[in-house]
Amino acid sequence: MATALAAGVDRPHLGWWLAVVGGMAVLAGLAFDAAAYAWWCTHLTAVFPQRLLRTIFVAAVVTHLVEACYAARLAQRSGLGGAAAGWFVQTMILGYPSLGLLRARVARGRGRG
């Protein structure tokens with residue numbers, strides 16, 4: 001369930017924040033910290049090379065950046081220009097869960113005016 005804010009940015013459920021931010025943090029730790037990666041390999045699995053994890057992390061960050069730019073542009077074009085920066089930041093952090101809320105809002109017509 002999303003909560004509409006006065007500024008015009010709908011917030012995804014707390015679970016999305018925990019899953020996406022937590023997942024990206026774990027991925028960054030494994031991708032760039034040799035000690036964390038060694039622990040992971042020793043206790044869980046060594047099936048993913050650290051270089052692959054780095055590539056996945058960078059691809060995820062680039063994807064979030066592209067989604068955030070699209071969200072800001074969509075917010076501006078839909079009459080939510082005052083909230084475009086909020087949509088950008090939230091979508092940069094969360095990616096699809098945020099962008100999905102914005103697209104649904106625009107489709108319902110609430111974003112206009």
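Odds and ends about this structure:
- Test: residue in region 95-107 that is of a type in the set (D, E, K, R), farther than 30 Å from Leu30 by Cα and crowded, with 17+ Cβ neighbours inside 10 Å: yes
- Any pair with Cβ under 6 angstrom, 6 or more apart, that starts in region 45-73 at a residue that is within 17 Å of Asp33 (Cβ to Cβ) and ends at one that is surrounded by 13 or more Cβ atoms within 10 Å (Cβ to Cβ): Gln50/Tyr37; Leu53/Leu30; Leu53/Ala31; Arg54/Ala31; Phe57/Leu27; Phe57/Ala28; Phe57/Ala31
- Members of region 68-92 found to be touching a Phe, Trp or Tyr at 6+ places or on another chain (Cβ under 8 Å) and surrounded by fewer than 20 Cβ atoms within 10 Å (Cβ to Cβ), listed by number: Cys69, Leu74
Yes or no, residue by residue, for (1) of a type in the set (Phe, Trp, Tyr); (2) outside any helix (DSSP H, G or I); (3) in contact with a strand residue (DSSP E or B) (Cβ under 7 Å, 6 or more places away or on another chain); (4) closer than 21 Å to Arg11 by Cα:
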| site | (1), (2), (3), (4) |
| --- | --- |
| Thr45 | no, yes, no, no |
| Ile56 | no, no, no, no |
| Ala72 | no, no, no, yes |
| Leu99 | no, no, no, yes |
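- Checked against (1) within 21 Å of His13 (Cα to Cα); (2) basic (Lys, Arg); (3) modelled with pLDDT of 95 or more, Arg110 meets all criteria but (3).
- The residue of region 43-98 that is nearest to Val20 (Cα to Cα), among those that are at pLDDT 95 or above and among the basic types (Lys, Arg), is Arg54.
The values are calculated or read from the model by the stated rules, or taken from the named source; none is laboratory data. None of the values given here were measured: they were computed from a predicted structure. Note that each Cβ is placed from the backbone with ideal geometry, even for glycine, and that neighbours are counted across all protein chains shown.
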